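Reading through the structure tokens given below for one structure.
FYI, it's all coordinate maths here, none of it is from the lab. Here the structure is a predicted model, which is why all the values come from computation and not from measurement. Reconstructed Cβ throughout: ideal geometry from the backbone, glycine too, with neighbour counts over all protein chains shown.
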């Protein structure tokens, strides 16, 4: 998927809806035989319009075996429905490729930064903040090796990125024990974390780090700064998770 016009930061790029949703344990569990899975997949596929069916069968495959299960594993997005994990297949959304420094969130596709004309729109298959080796291990399950600018960078540059990401986790853990810290120390760690997040283009992680900052300041009795970061966390959860996200109410109660 390539941008045909300039897309502003935080602009909604597209909204895509699943055409095929399957419980994860149906694919990965042992309650069904291979034949039962194939028959049920074919039944579901044949209920779709011919155009959608053709589009699905044209999606990438990577794992081998039953074609429809391969397509789901390669292109599906994990969703939780009433506490149960599912894989959802979105025809257009599935064509948004991977990048370890993504510029959108799925599956309302939201731009995390300005996207230029002709630039590919990408999301990350690996959790944000992972190091190079961690990302590589995750992506092996998708059947490809990432060649984005971050993963293709010289080893020395990757090592710097990895060390910063590891430092970010250290700060998160340290702030989790904020009762033993001084306000001054918290005041040093917060801008350091924000600087790493900006440099590594990990903006979606602000939702979690703003919460951690708020809790740290609450632990040392600095309610003014705590309220500031609660408000910022609330704003970010609304932006990235929407009004119905489970963390919205939790932040308001905090």
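The gain in end-to-end length when the residue 14 to residue 40 segment is fully stretched comes to 6.3 nm, 0.36 nm per residue minus the alpha carbon separation. Percent of alpha carbon pairs in the stretch 1-77 separated by more than 19 Å? It works out to 46 percent of all Cα pairs.
With the simple model of a label 7 Å out from the Cα in the direction of the Cβ, residue 147 to residue 62 spans 1.4 nm. Model label points for residue 119 and residue 84, set 7 angstrom from Cα along the Cα-to-Cβ axis, are 4.1 nm apart. To the nearest ten degrees, helix 34-46 and the longest principal axis of the Cα atoms of the chain are 90 degrees apart. Could you state the angle between the C-alpha long axis of helix 223-241 and the longest principal axis of the C-alpha atoms of the chain, as a value from 0 to 90 degrees rounded to the nearest 10? So the helix axis and the longest Cα principal axis differ by about 10 degrees. Above 17 Å, the calculated P(r) of the stretch 155-253 contains 52 percent of its Cα-Cα pairs. Legend: ranking of residues 161, 62, 124 from fewest to most surrounding C-beta atoms inside 10 Å; resulting order 62, 161, 124. Potential lengthening of the chain between residue 28 and residue 228 amounts to 67.6 nm, from the contour at 0.36 nm per residue minus the alpha-carbon distance.
The stretch 115-175 and the stretch 226-240 have Cα centres separated by 25 Å.
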